[in-house]
1. If I filter segment 164-180 down to residues being among the hydrophobic types (A, V, I, L, M, F, W, C) and under 25 Å from the mean Cα position of the chain (by Cα), which single residue comes out as nearest to Gly119 (Cα to Cα)?
2. Quick check on segment 86-94. Is at least one of its residues within 16 Å of the ligand (Cβ to nearest atom) and buried (at least 16 other Cβ atoms within 10 Å of the Cβ)?
3. Can you pull out every residue in segment 217-250 that is at pLDDT 90 or above and either open to solvent by 10 Å² or more (accessible area, probe 1.4 Å) or of a type in the set (D, E, K, R) (or both)?
4. Here are some conditions: (1) of a type outside the set (Val, Ile, Thr); (2) within 16 Å of the ligand (Cβ to nearest atom); (3) more than 18 Å from Ala149 (Cα to Cα). Lys50 meets all but one. Which one does it not meet?
5. Which numbered condition trips up Met1, out of (1) farther than 17 Å from Ser145 by Cα; (2) within 13 Å of the ligand (Cβ to nearest atom); (3) of a type in the set (A, V, I, L, M, F, W, C)?
6. Looking at segment 4-41 only, could you name the residues that are part of a loop (DSSP other than H, G, I, E, B), more than 16 Å from Thr67 (Cα to Cα) and more than 12 Å from the ligand (Cβ to nearest atom)?
7. What number of residues within segment 158-193 satisfy the criterion of being open to solvent by 80 Å² or more (accessible area, probe 1.4 Å), acidic (Asp, Glu) and more than 30 Å from Ala256 (Cβ to Cβ)?
Amino acid sequence: MSEKCVLCGAMSEVKYEYGFVMTQCPDCGRWIMHQVKFDRLSIEQKNKIKSYIFYHKKEKGDYFIGTENEFKDYQACIVPICDTQFLSLNIVNAWYPKTFADKIDLILLKLAEFSNFQGDYVTISNELLFADSKSSETISENYSSYIAAKFIIDYLEKENLIKVVDAEDIQLLPKAWSRIYELQKSHMDNKNVFVAMKFGKETEALRDKIKEGLAGYNVRIMDEIEHNHQIIPEMLYEIKNSKFVIAELSHHNNGAYYEAGYALGLGKEVIHICSESELKSGLHFDVAQVNTIVYSNISEIPEKLKRRIQATIENK
Ligand SMILES: [Zn+2]
């Protein structure tokens, strides 16, 4: 059935099966959602999902948007035609830029990614500019998106970050390339690694082995960080400022799942560590899909961790 993609409005092939809605959109790609959730999507959520998909666009593969239980139901009744990536609304919300300055930084990095060379013309879109509409009425929706996009473009132009070439294309100016260089460099130079794990005596030896594997990095573990603030905002700040995250999952530490999810939502690499015995007893399902360092003895951790960091973080 031909219908508009509810995220972006492009004409799409939409299928309703087993209580799920599957949209094959030319812009968003293929994405799936439980019908009940689909019917209740707020405009704000649609905007955020649309931007998230745009900024994380993969070559192939579907997105399943919803809760883990809904994803399990989906996998139980529909044979996927390609890789399906699970995406929770928490991940989308954690990733979505909180401030105007954060939006500008993300936009500049994306424009740099789209530029084949300095001076290249780059096509802009509402998704790229976080030009979200607040209305469901088509005409005013277009109009408010237009105003929101123009607001960002005017700012970038006034700050000498871009030159507007025509209605759809812009060029990044030298000032923007300096800013992009700073942003990329601060990411490269960042040596902070956030470790999510259970605290206390029983995990002390394990903690030492993880630190050994992280030699050369600035290891950030919540109970070792001096802070005067509440623990949660401080923790989110630490994750946001880390280069990557280690999540140790052997001790049924729900916090580690939460922290890993938050880091993933921010686009950070997460390395999971888990004991063999715990893995056999059945890990939390969406973690079981990702690459996990498995150990039978904690003495194996430093070497395995170093190798994994080389492969997934340093050689990227
Ligand atoms: Zn779409």
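The values are calculated or read from the model by the stated rules, or taken from the named source; none is laboratory data. Everything numeric in this text was worked out from a predicted model, so none of it was measured. For neighbour counting, all protein chains shown are included, and Cβ atoms are generated from backbone atoms with ideal geometry for every residue, glycine included. What goes into the accessible areas is simple: the full protein's heavy atoms, side chains included, and nothing from ligands, DNA or RNA. Shrake-Rupley method; radii C 1.70, N 1.55, O 1.52, S 1.80 Å.
1. In the first step, residues of segment 164-180 are kept if they are among the hydrophobic types (A, V, I, L, M, F, W, C); the result is 164-165, 167, 170, 172-173, 176-177, 180.
Okay, now just the ones that are also under 25 Å from the mean Cα position of the chain (by Cα), so 172, 176-177, 180.
Numbers: Leu172: 6, Ala176: 11, Trp177: 10, Ile180: 14 Å.
This residue is Leu172.
2. Filtering segment 86-94 down to residues within 16 Å of the ligand (Cβ to nearest atom) leaves 87, 92.
Filter once more, keeping what is buried (at least 16 other Cβ atoms within 10 Å of the Cβ): 87, 92.
Yes, the conditions are met somewhere in segment 86-94.
3. Answer for segment 217-250, where residues must be at pLDDT 90 or above and either open to solvent by 10 Å² or more (accessible area, probe 1.4 Å) or of a type in the set (D, E, K, R) (or both): Tyr217, Asn218, Val219, Arg220, Lys243, Glu248.
4. Condition not satisfied by Lys50: (3).
5. Exception for Met1: condition (2).
6. First pass over segment 4-41, keeping only residues part of a loop (DSSP other than H, G, I, E, B): 5-10, 18-19, 26-28, 41.
Adding the requirement that they be more than 16 Å from Thr67 (Cα to Cα) leaves 5-10, 18, 26-28.
Tyr18 - this is the single residue of segment 4-41 that is part of a loop (DSSP other than H, G, I, E, B), more than 16 Å from Thr67 (Cα to Cα) and more than 12 Å from the ligand (Cβ to nearest atom).
7. Kept after step one, since they are open to solvent by 80 Å² or more (accessible area, probe 1.4 Å), are these residues of segment 158-193: 158, 160, 163, 167-168, 174-175, 179, 181-182, 184-185, 187-189, 191.
Among the residues that remain, those that are also acidic (Asp, Glu) are: 168, 182, 189.
This time we only want the ones that are more than 30 Å from Ala256 (Cβ to Cβ), so: 168, 182.
Qualifying residue count, segment 158-193: 2.
Rundown of residues vs (1) in the same structural domain as Ile49 (by TED's automatic domain parsing); (2) out of contact with any Ser or Thr (no Cβ under 9 Å at 6 or more places or on another chain), yes/no style:
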residue: Asn69; (1), (2): yes, yes
residue: Lys72; (1), (2): yes, yes
residue: Asp83; (1), (2): yes, yes
residue: Leu89; (1), (2): yes, no
residue: Leu108; (1), (2): no, yes
residue: Ser125; (1), (2): no, yes
